[in-house]
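Colleague: Before we start, here is the structure in question, set down as structure tokens.
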Amino acid sequence: MAQRNQEKGVTGAVPVVTAPDRVRNVVLVGHSGSGKTTLVEALLAATGTIGRAGSVPDGTTVCDHDPAAIRQQRSVSLACAPLVHNGIKVNLLDTPGYADFVGELRAGLRAADAALFVVSAVDGMDAATAALWEECAAVDMPRAVAVSRLDHQRADFDEAVALCQRVFGENVAPLYLPMLGDDGVSVAGLLSLITRRVFDYTAGLPAEVRDPDPEHLPAIAESRNELIEGIIAESEDETLMDRYLEGEEIETGVIVDDLEKAVARGHFYPVVPVCAYTGVGLDVLLEVLTSAFPAPPEHDLPAVTGLDGSPRPPLTCDPAGPLVAEVVRTTVDRHVGRVSLVRVFSGTLRPELTVHVSGHGLAERGHPDHDADERVGHIYTPLGAGLREVPHCVAGDICAITKSGSAETGDTISAKDDPLLIAPWEMPEPLLPVAIVAASRADEDALARNLARLVAGDPTLRLERNPETHQLVLWCMGEAHADVVLDRLRAGGVELETEPVRVALRETFAAGARGHGRHVKQSGGHGQYAICDIEVEPLPRGAGFEFVDRVVGGAVPHNYIPSVDKGVRAQMERGIVAGYPVVDLRVTLVDGKAHSVDSSDAAFATAGGLALRDAAERGQVTLLEPVDEVTVRVPDSFVGAVMSDLSGRRGRVLGTEPDPAGAERTLVRAEVPATELLRYAVELRSMTSGTGTFRRSFVRHDPMPAHLAEQIRKEHPNGG
């Protein structure tokens, strides 16, 4: 079943499937610049989905439709681009390669059943790509490798394959070898190692398949033996290896069948050379995607529970089963409103169906738990930013819905009469703070609306309204992420500015002191009269505040003593030297004076505050800064540099230990002042070539060094 699409530039039929085994969900991953988006564009054109491939530099690709992506000439968000090959719908999920947009990458991994790693034949790969391979291995996700950019003059396919084998480990082997053209430089075809045939692209797509020339046979024979042995080693037929070693010629059909099974199980990882601009390898790559990668029923589904956390039976990818789907990405379009990209795991999503939308577990990131019944309007298959209406979306497929009032990234969509929750996928903690302020009061409402939209769609973005510094802080993944967020806010009509992030400090007394508070005013009628004397002494860290009454002889009437307490507490909140709250203090009221007519609660509250300020001027007040425990995860080769850097941040290294989650990685634990960590997310990434990650948690407050405390005092000359 298919509907014709009238969208400009799209020539293919709208793909609609009725069975999960006719779907493949493939996420493309690789470092920024490896050619993922260009490859997707070429595959869309090769299958007739679009009339002509767009260009990243020109900003005309299907997947990079975001204005920020066009401006930066790199992907900044997840995009879905479906195509049809041999009757199979392939949902290509193009992900950003830059580390700041790891949230979009993880959403793509959640929606996919297999991963295509795109490795540049020119630039190789970065360490983050290698780490991602380990993550996919941990969940047994099937993988293949496309070696791209073969048309570049510095392209080296053999070196790219060798690099993949060193980094990705065993069972990585090419299915094809590039064949040079008559000029001896350009790649004109591929040599199939399994069929021993040549795929000649001299005349373009589809390739002309013919017998190899005699000079090609030695290269085929040498690489073919390694490939065949790797495939047979994963075969379920235990006699196959013995037969092969005895010299028996194994039928091509048997080899291909075993190859496809090994790839689908995630035990073998084929390498395919491709060139997006010339079309070399696009057809054979499509065969790998549709024939070797698993259909949704062959891939494990996430666990589900009831809304109360009660366990439920495992899901099966059955169109007739209970409806369970997940919002993997949410955006807000100025014309159609909220657009939600949805992966259906079970059941069938239909228009006009009333469903339950649940989002739990992300309250700390500005996503309060929410539950709502909503009616699904139209259902679409997305093609980048384009939406093409379809009659339904079956289990295993990906679709888009619009105008949902509450759906956010990570939410579960399920049946109204039996609502469920899908176990959330792991999201990294945003660790780069950016303080923003509306340019004018008129912009404040627009800022609030746009922030709500952004936070709803991006679970790696955390919004914090700090009650102590009174700043509005966006916690982002890095500078590039922050730039995109600010661009989107400004594109929504918000005029805003950024300001330095302030860390919430504390003040306390380093030694005991006495304070005298005198508040005496006379201006006709009732005046104001209150005098009190206090003694201040520091308490152990974390002890809080104590107020003690030691007044004798009624010098301060009993009914005014709570007012002194109230005034002291109010001054502590306002601060006494730099405007930060005062903590860990015992204040003892020892003496004072009152007037029978002019004394009042307000007067004694004011006098209490003045007494505390006087004690601060007489005594020694110190600033306390928050100290965080930091755990840094880095490859072993960067441990020395990281430890040295932490020490330079006034940190105290607590120790190191092997990372239980990955080989050749180390966890470095340290205690570091929070003021030294404001840009650590950016600096750690630079220091470790993008491979280092960290997490932090508050431990305690410690005294700030005198020279830093004095600098802050100068910035706040009026204290509290």
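Colleague: If the requirement is being closer than 30 Å to SER346 by Cα and either more than 24 Å from the chain's Cα centre (by Cα) or surrounded by fewer than 19 Cβ atoms within 10 Å (Cβ to Cβ) (or both), which of these qualifies: VAL27, VAL16?
Modeller: Only one candidate passes the filter, namely VAL16.
Colleague: In the list VAL587, VAL627, VAL632, VAL597, which residue meets the criterion of being more than 25 Å from PHE694 (Cβ to Cβ) and open to solvent by less than 60 Å² (accessible area, probe 1.4 Å)?
Modeller: One residue alone meets the criteria, VAL587.
Colleague: Sticking with this one: Among the residues of region 201-225, which ones are open to solvent by 100 Å² or more (accessible area, probe 1.4 Å) and of a type in the set (A, V, I, L, M)?
Modeller: ALA203
Colleague: Separate question: In region 358-380, what residues are in a strand (DSSP E or B) and more than 22 Å from PRO313 (Cβ to Cβ)?
Modeller: GLY359, LEU362, HIS367, HIS370, ALA372, ASP373, GLU374, ARG375, ILE379, TYR380
Residue by residue, here is whether (1) in contact with a Pro (Cβ under 6 Å, 6 or more places away or on another chain); (2) assigned to a strand (DSSP E or B); (3) open to solvent by less than 20 Å² (accessible area, probe 1.4 Å); (4) under 16 Å from ALA112 (Cα atoms) holds:
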residue	(1), (2), (3), (4)
SER32	no, no, no, no
LEU39	no, no, yes, no
ASP64	no, no, yes, no
SER77	no, no, yes, yes
CYS80	yes, yes, yes, yes
LEU83	no, yes, yes, yes
LEU92	no, yes, yes, yes
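Colleague: Let me ask another. Would you be able to tell me the number of residues in region 381-418 that are in a loop (DSSP other than H, G, I, E, B) and under 22 Å from the mean Cα position of the chain (by Cα)?
Modeller: Counting residues in region 381-418 that are in a loop (DSSP other than H, G, I, E, B) and under 22 Å from the mean Cα position of the chain (by Cα) gives 8.
Colleague: While we're here: Would you mention how many residues in region 521-579 are outside any helix (DSSP H, G or I), among the acidic types (Asp, Glu) and open to solvent by less than 50 Å² (accessible area, probe 1.4 Å)?
Modeller: 1
Colleague: Would you check if there is a residue in region 178-194 being closer than 26 Å to GLY48 by Cβ, out of contact with any strand residue (DSSP E or B) (no Cβ under 8 Å at 6 or more places or on another chain) and in a loop (DSSP other than H, G, I, E, B)?
Modeller: no
Colleague: Given (1) touching a Cys at 6+ places or on another chain (Cβ under 9 Å); (2) open to solvent by 60 Å² or more (accessible area, probe 1.4 Å), where does TYR269 come up short, assuming only one miss?
Modeller: Single failed check for TYR269: (2).
Colleague: Residues to consider are ASP258, ASP242; find the one that is buried (at least 19 other Cβ atoms within 10 Å of the Cβ) and in a helix (DSSP H, G or I).
Modeller: ASP258 is the lone residue from the list that is buried (at least 19 other Cβ atoms within 10 Å of the Cβ) and in a helix (DSSP H, G or I).
Colleague: Can you tell me how many residues within region 176-209 are in contact with a Lys or Arg (Cβ under 8 Å, 6 or more places away or on another chain) and not aliphatic (A, V, I, L, M)?
Modeller: 3
Colleague: Just a yes or no: is a residue in region 149-170 assigned to a strand (DSSP E or B) and within 31 Å of the chain's Cα centre (by Cα)?
Modeller: For region 149-170, residues assigned to a strand (DSSP E or B) and within 31 Å of the chain's Cα centre (by Cα): absent.
Colleague: Would you kindly identify the helices (runs of 4 or more DSSP H) lying entirely within region 604-720 that contain at least 3 residues that are touching a Ser or Thr at 6+ places or on another chain (Cβ under 8 Å)?
Modeller: Hits in region 604-720: 639-648.
Colleague: Quick one: in region 660-709, of everything that is hydroxyl-bearing (Ser, Thr, Tyr) and open to solvent by less than 50 Å² (accessible area, probe 1.4 Å), which residue is modelled with the lowest pLDDT?
Modeller: THR691
Colleague: What number goes with the only condition from (1) without any contact (Cβ under 8 Å) to a residue 40 or more places away in the chain; (2) surrounded by fewer than 20 Cβ atoms within 10 Å (Cβ to Cβ); (3) of a type in the set (A, V, I, L, M, F, W, C) that ALA510 does not pass?
Modeller: Against the list (1) without any contact (Cβ under 8 Å) to a residue 40 or more places away in the chain; (2) surrounded by fewer than 20 Cβ atoms within 10 Å (Cβ to Cβ); (3) of a type in the set (A, V, I, L, M, F, W, C), ALA510 comes up short only on (1).
Colleague: Same structure, new question: Tell me, please, whether a residue that is under 28 Å from ALA325 (Cβ atoms) and surrounded by fewer than 22 Cβ atoms within 10 Å (Cβ to Cβ) can be found in region 114-125.
Modeller: no
The values are calculated or read from the model by the stated rules, or taken from the named source; none is laboratory data. No experiment lies behind these values; they were computed from the predicted model shown. Cβ: placed from backbone, ideal geometry, glycine included. Neighbour counts: every protein chain shown. Heavy atoms of the whole protein, side chains included, go into the accessibility calculation; ligands, DNA and RNA do not. Shrake-Rupley method; radii C 1.70, N 1.55, O 1.52, S 1.80 Å.
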